[in-house]
Amino acid sequence: MISSIKGTKDILPPEVKKWQLIEKIARETFELYGYKEIRTPIFEATELFEKGTGETSEIVIKEMYTFIDKGGRSITLRPEGTPGVVRALIEHRLYLKSTPLRFYYIGPMFRYDKPQKGRYRQFHQIGLEVFGEEDPAIDAEVIEIVDFLLKRLGISQIEILINSIGCKKCRPPYLEILKVEAEKHKKELCPDCQRKVYTNPLRIFDCKKEKCINLADNFPKIIDYLCNECKEHFSKLKNYLNLYGIEYRVEPKLARGLDYYTKTVFEFISKKLGAQDAVLGGGRYDDLVKIFDGPSLPGIGFAIGAERLISLLPEEFEEKEDLLYIAYLGDEAKKETLSILRFLRKKNIKCIAEFKDKNLKNQLSRANKLNAKWVLIIGEDELREKKYKLKDMEKGIQKELNKEELVEELTKKL
RNA sequence: GUGAGCGUAGCUCAACUGGUCAGAGCACCGGACUGUGGAUCCGGAGGUUGGGGGUUCGAGACCCCUCGCUCACCCCA
């Protein structure tokens with residue numbers, strides 16, 4: 001038996017309903033704020049991610065699905081959405097147009113990770129990017145959009161973490177200070193963190209070992225070393241969030257894994273998710289467009305993990321489907337059924353029949369199992385009278401109707 | 001990439017320390033009930049116990065290898 005590849009999974013019809021729900025509500029919400037959908041390829045030149053996502057990010061170092069195609073080009077399945085959108089923005093000179101540079105996307109991403117709860121090799125992100133807005137008001141708006149979206153989906157008990165990780169002016173000097181401080185305590189840190197002192201000192205704050213946590217608590221925090229511009233940006237962001245009445249927690253240890261972030265970074269977390277507690281993450285990336293030889297254009301965005309979002313969805317109660325099941329008795333009735341199916345579908349009525357030539361009891365039982373809301377009964381009497389029996393499966397009552405009345409009755413209830 | 005736990009019917013799980021152990025419930029199909037569903041009763045189908053090798057008179061169980069799943073680490077959505 002051939003099974004699906006490790007870290008990938010099939011999404012079967014009952015679960016697909018949830019996907020359709022979150023996709024629909026996400027689209028509606030983003031469009032409400034003036035965002036437009038953008039669809040970029042799921043594979044790109046490897047270089048795009050090396051330059052964009054960043055050569056020192058874990059994603060690029062060890063998590064990319066990279067292969068050489070038949071033309072000898074190095075191709076990578078996208079591990080995240082932002083670089084592709086930035087590439088499209090530059091390639092099509094979208095920044096020259098007057099339309100707002102507000103985009104959202106929904107689609108699969110790929111990372112060669114070891115699968116666990118909330119983490120898959122093919123997963124899906126619902127992402128959003130804005131370009132050309134310097135003002136922290138847009139940072140706040142972006143956070144507010146997600147907050148609104150989650151509320152619309154009925155998801156609660158989410159904590160919002162924000163931080164500022166500075167810009168290319170203030171971060172490098174801070175990292176030096178942090179490195180010096182961390183070196184002093186190097187021997188007390190765990191082996192992983194000892195390595196991080198040189199490779200990525202900010203990541204020491206991510207360590208879950210108690211000893212490292214305690215030590216890191218006393219290390220200097222970037223938030224205390226921001227330049228005036230970053231400090232003011234962060235302070236304004238907090239004010240706007242307060243204005244929206246959005247609760248958040250400033251988490252000075254929040255670092256994020258992508259190299260391109262500047263100033264604002266944020267994460268929405270839920271305790272229900274397990275070890276991978278982030279349902280979405282995002283931040284500002286003021287230098288990214290420039291990195292790809294585009295104009296000097298600031299950007300900010302986030303990506304929601306669709307699988308994680310779905311796992312937070314409240315349990316929905318099961319409803320009868322708006323489905324009509326046609327039960328027929330005999331060959332003549334079968335022919336009539338075929339024509340009525342066609343007729344009703346043209347009128348946008350969802351209907352099915354199963355062609356097993358079974359008795360009525362059996363067909364009703366099948367309709368019940370399929371969760372159909374109505375059953376139309378066609379037998380000899382009905383053929384003769386040209387009136388069919390429509391049974392409401394919830395109420396158990398039935399009416400005699402001709403074709404026209406039937407359409408009227410069914411569309412009324414839809 | 002590292003570590004731990006687990007793989008028995010479509011699903012959830014039984015089978016004492018290796019000795020009729022290949023089972024139950026749910027789901028599925030059929031019948032009781034030939035034009036009226038959900039209930040009940042009866043019956044049926046469905047498994048080389050993830051795969052391979054070994055130990056043994058005998059392995060679902062023990063050992064080795066392998067694949068997969070789950071969770072955690074690393075890191076992230």
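Okay, here's what the table says:
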read-out	value
Pairwise FRET efficiency - residue A:321 versus residue A:47, Cβ, R0 = 45 Å, nearest 0.05	0.40
For a label point 7 Å along the Cα-to-beta-carbon line of residue A:272, residues of segment A:96-137 with backbone N under 17 Å	A:117-119
Within-11-Å neighbourhood charge of residue A:309 [Cβ basis; K, R +1; D, E -1]	0
Mean projection area, nm², convex hull over Cα of segment A:47-169	10.6
Net length gained if the chain between residue A:412 and residue A:250 were fully extended (0.36 nm per residue, minus Cα distance)	53.1 nm
³J(HN,Hα) computed for each position of segment A:24-41 - Karplus, 6.51 cos²θ - 1.76 cosθ + 1.60, integer Hz, glycine/proline x	5, 5, 5, 4, 4, 5, 5, 5, 4, 9, x, 8, 10, 6, 10, 10, 10, x
Degrees, to the nearest 10: A:331-346 long Cα axis against longest axis of chain A	40
Helix A:228-244 axis, angle to chain A major axis (alpha carbon atoms, nearest 10°)	30
In sequence order, calculated HN-Hα J values of segment A:113-123 (Karplus, 6.51, -1.76, 1.60; Hz; x Gly/Pro)	10, 7, x, 7, 4, x, 9, 9, 7, 10, 9
Distance from segment A:243-258 to segment A:3-48 (C-alpha centre basis), Å	25
Neighbour-limited loop hits for GluC sites (Glu not before Pro), segment A:11-104 (at most 14 other Cβ within 10 Å; DSSP other than H, G, I, E, B)	A:55
Cross-link pairs beyond the 27 Å C-alpha cut-off, checked among A:169/A:209; A:17/A:358; A:117/A:290; A:356/A:391; A:334/A:399; A:24/A:263	A:169/A:209; A:17/A:358; A:117/A:290; A:24/A:263
Segment A:99-159 - convex hull of alpha carbons, volume per residue in Å³	141
Span from the segment A:357-371 Cα centroid across to the segment A:264-289 one, whole angstrom	49
Approximate spin-label separation residue A:175-residue A:365, in nm, with each point projected 7 Å along Cα-to-Cβ	7.0
Helix-derived mean residue ellipticity, 222 nm - over chain A, DSSP H n ≥ 4, -39500 (n - 2.57), to 500	-11500 deg cm²/dmol
Among A:249, A:78, A:384: highest mean-square fluctuation, GNM of chain A, C-alpha pairs under 10 Å	A:384
Debye log10 I(q)/I(0) for chain A, one point scatterer per Cα, at q = 0.06, 0.11, 0.12 Å⁻¹	-0.37, -0.89, -0.99
Crossing angle, helix A:82-91 versus chain A [Cα axis fit, 0-90 degrees, rounded to tens]	90
Projected label distance in nm at residue A:69 and residue A:151, using a 7 Å step from Cα toward the beta-carbon	4.5
Distance between segment A:55-107 and segment A:117-146 - C-alpha centres, whole angstrom	15
J(HN,Hα) series, segment A:92-98, from Karplus relation 6.51 cos²θ - 1.76 cosθ + 1.60, nearest Hz, glycine and proline x	9, 6, 4, 5, 8, 8, 7
Spin-label model distance (nm) - residue A:159 vs residue A:11, 7 Å beyond Cα toward Cβ	2.9
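Here, each number is a calculation from the coordinates, and none is a lab measurement. Please read all numbers here as calculations on a predicted model, not as lab measurements. Neighbour counts are summed over all protein chains in view; Cβ atoms, including those assigned to glycine, are modelled from backbone coordinates with ideal geometry.
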